[in-house]
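The values are calculated or read from the model by the stated rules, or taken from the named source; none is laboratory data. As the structure is a computational prediction, the values presented were derived from the model and not from experiment. Ideal geometry is used to build each Cβ from the backbone, glycine not excepted, and the neighbour counts take in all protein chains shown. Accessible surface areas use protein heavy atoms only, side chains included; no ligands, DNA or RNA. Shrake-Rupley method; radii C 1.70, N 1.55, O 1.52, S 1.80 Å.
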Amino acid sequence: MAPYAFVAPAVVLFVLVFALPIAYTVYLSLFRTEVRGLGLGRGSRSEVFVGLDNYVRALTDSELGAGALRVLGYGAILVPTMLGLALVFALLLDEDRVRARGFSRIAIFLPYAIPGVIASLLWGFLYLPGTSPLNQLLRELSMPGVDLLSPTGIYFALANIAVWGGVGYNMVVLHTALRSIPRDLYEAARIDGCTPWQVAVRIKIPLLAPALVLTSLFSIIATLQVFAEPTTLAPLTNSLSLTWTPLMKVYQDAFGRGDLYSAAATSVLIASVMFVISFGLLRVTRSRAFGGER
Amino acid sequence: MRVRLGGLPTFVLLLGAVYCLFPVAWVLVAATKSTGELFSTTTLSVGSSLVANLAELNGYRGGVFWRWMANSALYAGLGALLSAALSGVTGYALAKYAFRGRALIFNALIAGVLVPAVVLAVPQYLLLAKVGLTDTYLSVLLPSVISPYGIYLARIYAAASVPEEVVEAARTDGAGEARILGSIALPMMVPGLVTVFLFQFVSIWNNFMLPYIMLGDDGKFPVTLGLYTMLKQGNTTPALYTLVVTGSLVSVLPLIALFLTLQRYWRIDLLSGAVKA
């Protein structure tokens, strides 16, 4: 009986926190409030079953579609930049001749400890024309300022916050993977006349492929969940609507407009997209995960 | 001619370090400025109002900022502690016992890892609203305690670090299963559980949407949510911007201290599933 007693608390909490809410959301997504008469008094509002109606409306909602496109654009800037930088830093950390490695490693990893909201607050002030050091510098050089809070600039502004927060984490994951590669491989390559550059491109990067796939998928999933950063920056600019990303729209539908049914349908759609992507992640990683069990 | 390669790579790494430290340096400086100075002086020139800013932050609405800090510490500290304990017990059971339903439980948990917490926040709110638990400390703590990801990590760690022979030997000596778990297995899993604690601590401290949705009473806010509401009011009351900046600095300092103290415990290798037995 022991194993059942050990897993029971987790199972109970799991059902309460994961399974029931998911089931409830799916249920809600199939209904709508019907208002009779003036909508006043008891019984004038009732839940009616509408099938997939909410899904059809969500899928044809132009604001939701636009939000999905915005997240794609944001991710197209963020993911390659963050992983590219993380890879470069990880390869540099792995070079014997590089100095100040410990310091750089901790400094680049440090932003990971800072919450997205606080990061957005800090960068928000660094973007504000009134307090931005970049614009101050450009003014001194008599060049026109850049407005990172403009409708186009905001993509880069948001991507920068996420790159700043995530590059160190990915760097450490990649660097850890690099250290598990046997070093005699490099020695052999060096004797064969490979430069450090060739060793990096022809040996290290190919061997890093599984770790790169893993970090890419994690980054894509995190990108799709972006919520805190645009919500935090929104008070500083008109470029960010309250429905800028699909998740912000879910929040607005549920709490701004009080339409839980639409919010539920949109949630299910977002979760499905993430599930498909995450399932890919699982297929890539599961084969290597478990050794030494009975 | 052979070029020495130490220079450029070191320079690039240091450039990365400067980029990552810059906002932290900025907030250190900006917190010393008065509201007027914040918008008028050169970015990196030090102001004269640090003490005044701290005093004002301290006095803001009867010291509510410190309450937010204490709330954050409670949510993240207690939540992560309970989460690490729950993950340890569950992970050990899943790794070391063959029992009916193990595969089912594990697959359900894995599906839980795949369902993003952010998508769950709205339905969790609706369900907790039904039982009248929204706007309570529990509404933020409960969803933070169960971490499918933590259980996943603990299972991998238990499999790799608790030898079968030790468990068998304890059984032969007549130890009960609970005793084996409590005084043999869990202590052996401590390094892995510290990792679970740290990940969970950061993710709870970072979680914006859950408290944003669950809480209405700002006396229960974590510091991130509190500072966000202050920033929102900054549109009409620019003096609040100074407080937001000072508050950001004060809220980040303990995190940085914790990070620097514990950074050698970050077992990132656990993440890539690359643990060697």
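Points worth noting:
- When Rg and Dmax are taken over the Cα atoms of the protein assembly as shown, they come to 25.2, 89 Å.
- Across the protein chains, with a 1.4 Å probe defining accessible surface, the residues A:Arg179, A:Arg101 rank A:Arg179, A:Arg101 from largest area downward.
- Solvent-accessible surface of chain A, averaged per residue with a 1.4 angstrom probe and all protein chains in place: 46 square angstrom.
- Among B:Leu50, B:Leu120, B:Leu13: highest mean-square fluctuation, GNM of chain B, C-alpha pairs under 10 Å: B:Leu13
- Nearest 10 degrees, 0 to 90: helix B:79-96 Cα axis against chain B principal axis: 20 degrees
- Farthest toward positive dipole pole in chain A [+1 Lys/Arg, -1 Asp/Glu at C-beta], among A:Phe49, A:Leu260, A:Pro3: A:Pro3
- Among B:Leu240, B:Leu114, B:Leu82: highest mean-square fluctuation, GNM of chain B, C-alpha pairs under 10 Å: B:Leu114
- Scanning residues 5 or more positions from A:Phe31 or on other chains, those with amide H under 5 Å from its amide H are A:Val50, with H placed 1.01 Å from N in the peptide plane.
- Rounded to the nearest 500, the 222 nm mean residue ellipticity of the protein assembly as shown from helices alone is -21000 deg cm²/dmol, with -39,500 (n - 2.57) taken per DSSP H run of at least 4 residues.
- The GNM of chain B, with springs linking C-alpha atoms under 10 angstrom apart, assigns the highest mean-square fluctuation among B:Val119, B:Val131, B:Val190 to B:Val131.
- When you work out D = kT/(6 pi eta Rh) for chain A at 20 °C and 1.002 mPa s, using the Kirkwood radius from C-alpha pairs as Rh and the Stokes-Einstein form, the result is 94 µm²/s.
- Normalising the average separation of contacting C-alpha pairs (under 8 angstrom, six or more residues apart) by the number of residues puts the relative contact order of the stretch B:52-269 at 35 percent.
- Total charge dipole magnitude, the stretch A:157-294, about the Cα centre, Cβ charges on Lys, Arg, Asp, Glu only, Debye to nearest 20: 360 debye
- For chain B, a simple Cβ point-charge model (Lys and Arg +1, Asp and Glu -1, everything else neutral) yields a dipole of about 420 debye relative to the Cα centre.
- The stretch A:217-288 - charge dipole about Cα centre, Lys and Arg +1 at Cβ, Asp and Glu -1, debye rounded to 20: 380 debye
- Per residue, the accessible area of chain B comes to 41 Å², computed with a 1.4 Å probe over protein heavy atoms only.
- Share of carbon and sulfur in the accessible heavy-atom surface of the stretch B:52-269 [1.4 Å probe, %]: 65 percent
- Between chain B and chain A, roughly 8900 Å² of accessible surface gets buried, counting both sides and using a 1.4 Å probe.
- Rounded if a/c under 1.5, otherwise prolate or oblate - the stretch B:52-269, Cα gyration tensor axes: prolate
- Complex-versus-alone comparison for the stretch B:80-101, residues with a loss of 10 Å² or more in accessible area, probe 1.4 Å: B:Leu86, B:Val89, B:Thr90, B:Ala93, B:Ala95, B:Lys96, B:Tyr97, B:Ala98, B:Phe99, B:Arg100
- Positive-pole candidate from B:Ala257, B:Ala80, B:Thr224, dipole of the stretch B:52-269, charges at beta carbon: B:Thr224
- For chain B, the longest principal axis of the alpha carbon atoms and the long axis of helix B:190-206 meet at an angle near 40°.
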